[in-house]
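S.K.: I have a structure here, written as structure tokens, and I will follow up with some questions on it.
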Amino acid sequence: MKILQIIDSLDAGGAERMAVNIANDLQNAGHESHLCVTRKEGLLKKSIQNEVSYLFLERKGRLGWTAILQLRNYLKTNKIEVVHAHSTSAFITVSSIVTLQNKPKFIWHDHYGKANQLHSRPTKLLNYLSRFFDHIISVNSLLKDWAIEKLRTKEVTYLENFAVKSTDSQLASSLIGNQGKRIICLANLREQKDHFNLIHAFEIVYKTYPEWTLHLCGQDFNDVYSSKVKNLISEKNMQNAIFLLGSRSDVSSILEECDIAVLSSKSEGLPVALLEYGLHQLPVITTDVGACAEVVQNYGIVVPLKNAELLATAIKKMIASKELRENYATQFHNHIVENYGSDRYVEKLLEIYNQIH
């Protein structure tokens, strides 16, 4: 089967990681796999396997007619049978295939990160585009229910994300802090990730455990939110305890150097970071948003969102018992490998591709 994944960028976000991982695993499964990036390349480009055919459109502006025509010609020339568009790449995909005589099967993959705030999600454009979708894949049940209610596509499937343990190797630069006493949060600096909640919680933890450090790994967009995060760290005089790592290509190695993994989001889809924590055998604490509680179950600690006191209590509980951390880490790792592995995912994905007529 000839399958094209389409994503707007290769920045190190969850949707982007999924697009790359799917393209790689479909190639490994014996299919002719293609990956198209519409707007911006990034760190994840080096994760694309050499065997995967790659197209970068460098689309400019809202419409980007040159990119639309280039994508249309690519679909025709390579006789693509399935187009799998992720997140906001749906618009350029519809624009490219709508006039094709032999249209490929078209799947739209909804990774929307604000699944707990769907009441404010713009609907008008997606509702129009959805009439061209043959199938929608949603990354959690909230998004599935929303798509069934709001969009025109008849076939909607909730398909859990999966993660692949990177083989990147060596640590690009050493982490500050004491070995065995590092907390990691793998999340781009975006408002829905609620780093404020985590910083407030860590301030409480730090009063009892000043030898522990917090490491925030994710893309810094140098915007208002980023400035507020940095200002909060300065206001609390915690520059020697909380460290911003930025977007890194050595994420796997960073996770290997950390001891507790946290997500403090106020909204999520199904975060790939959570699955990566499990693959790296880290004990996990997460807020109860999106599919997080469903993923973690009893193999970690789940706390309410926007509650720094309870988040701090959970972190202190993990710090206080190495045995607890090890038990959670082992159990969560086994759970992720068994239920969120790539082989299982590809099998389900191919079923979706094949059932479209």
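S.K.: Name the GluC sites (Glu not before Pro) in region 182-244 that are in a loop by DSSP and that have at most 15 other C-beta atoms within 10 Å, would you? Walk me through the numbers before you get to the answer.
M.R.: Working: sites: Glu191, Glu203, Glu211, Glu235; in loops: Glu211.
Hits after loop and neighbour filter: Glu211.
S.K.: Now for a separate question. Calculate, for Arg131 and Asn334, the FRET efficiency according to 1/(1 + (r/R0)^6) with r their C-beta to C-beta distance and R0 41 Å; round to the nearest 0.05. Could you put the intermediate results ahead of the total?
M.R.: On the way: r = 43 Å, r/R0 = 1.04.
The formula returns an efficiency of 0.45 here.
S.K.: By a straight-distance test (C-alpha under 29 Å), which lysines pair with Lys317 as possible cross-link partners, with residues fewer than eight away in the same chain excluded?
M.R.: Reachable lysines: Lys114, Lys165, Lys181, Lys193, Lys207, Lys228, Lys230, Lys236, Lys266, Lys306.
S.K.: Straight-line reach from Lys144: which aspartates and glutamates have Cα under 17 Å away, leaving out those fewer than 8 places along the same chain?
M.R.: The reachable aspartates and glutamates, counting only those whose Cα sits under 17 Å from Lys144, are Asp110, Asp134, Glu155, Glu160, Glu268, Glu294.
S.K.: Probe of 1.4 angstrom, ligands and nucleic acids ignored: what's the accessible area per residue over region 11-85, in square angstrom?
M.R.: Details: 3570 Å² over 75 residues.
Each residue of region 11-85 exposes 48 Å² on average to a 1.4 Å probe.
S.K.: Can I ask one more? Run the accessible area of region 177-317 with a 1.4 Å probe and give the carbon-and-sulfur part as a rounded percent.
M.R.: Working: 2200 of 5110 Å².
Heavy-atom surface of region 177-317 belonging to carbon and sulfur, 1.4 Å probe: 43 percent.
S.K.: Further question: Below 8 Å, C-alpha to C-alpha, sequence gap of six or more: please give me the relative contact order for the chain in percent. All intermediate terms of the calculation are to be shown ahead of the outcome.
M.R.: Working: 690 pairs, mean separation 55.0, N = 357.
It rounds to 15 percent for the chain.
S.K.: Remind me, relative contact order of region 145-253 in percent, using alpha carbon pairs under 8 angstrom and six or more residues apart?
M.R.: On the way: 110 pairs, mean separation 36.5, N = 109.
Relative contact order, region 145-253: 33 percent.
S.K.: Express the Stokes-Einstein translational diffusion coefficient of region 74-211 in µm² s⁻¹, to the nearest whole number, given a Kirkwood radius over alpha-carbon pairs, 37 °C and a viscosity of 0.692 mPa s. Could the numbers behind the result be given before it?
M.R.: Numbers: Rh = 18.6 Å.
Once the numbers are plugged in, D ends up at 176 µm²/s.
S.K.: Could you tell me which of rounded, prolate or oblate describes region 159-210, using a ≥ b ≥ c as the square roots of the eigenvalues of the alpha-carbon gyration tensor, with rounded for a/c under 1.5 and, failing that, prolate when a/b is larger than b/c and oblate otherwise?
M.R.: Values: a/c = 2.33, a/b = 1.22, b/c = 1.91.
Note, shape of region 159-210 comes out oblate.
S.K.: State the Cα centre-to-centre distance between region 233-251 and region 108-143 in whole Å.
M.R.: Computed from Cα coordinates, the inter-centre distance equals 33 Å.
S.K.: May I ask you to derive the relative contact order of region 1-91, considering only C-alpha pairs under 8 Å and at least 6 residues apart, and to give it as an integer percent? All intermediate terms of the calculation are to be shown ahead of the outcome.
M.R.: Values: 158 pairs, mean separation 35.4, N = 91.
Contact order relative to length: 39 percent.
S.K.: In nanometres, what is the gap between the two model label sites at Asn78 and Ala293, each 7 Å from Cα along Cα-to-Cβ?
M.R.: 4.1
S.K.: If I model a spin label at Trp65 and Glu326 as a point 7 Å from the Cα along the Cα→Cβ vector, what separation in nanometres do I get?
M.R.: Reported label-point gap for Trp65 and Glu326 is 6.6 nm.
S.K.: Report the net charge of residues surrounding Ala291, where surrounding means a beta-carbon distance below 12 angstrom and charges are Lys +1, Arg +1, Asp -1, Glu -1.
M.R.: Numbers: positive: Lys144; negative: Glu160, Glu268, Asp288, Glu294.
Neighbour charge sum, excluding Ala291 itself: -3.
S.K.: Within region 197-292, list the trypsin sites (Lys or Arg not before Pro) lying in a DSSP loop whose Cβ has at most 16 other Cβ atoms in a 10 Å radius.
M.R.: Within region 197-292, the qualifying trypsin sites (Lys or Arg not before Pro) (loop, at most 16 other Cβ atoms within 10 Å) are Lys236.
The values are calculated or read from the model by the stated rules, or taken from the named source; none is laboratory data. Just so it is clear, the structure is predicted and the values come from calculations on it, not from any experiment. No Cβ is skipped: glycine too gets one built from the backbone with ideal geometry, and neighbour counts run over all protein chains shown. Keep in mind that these areas ignore ligands, DNA and RNA; they rest on the heavy atoms of the full protein, side chains included. Shrake-Rupley method; radii C 1.70, N 1.55, O 1.52, S 1.80 Å.
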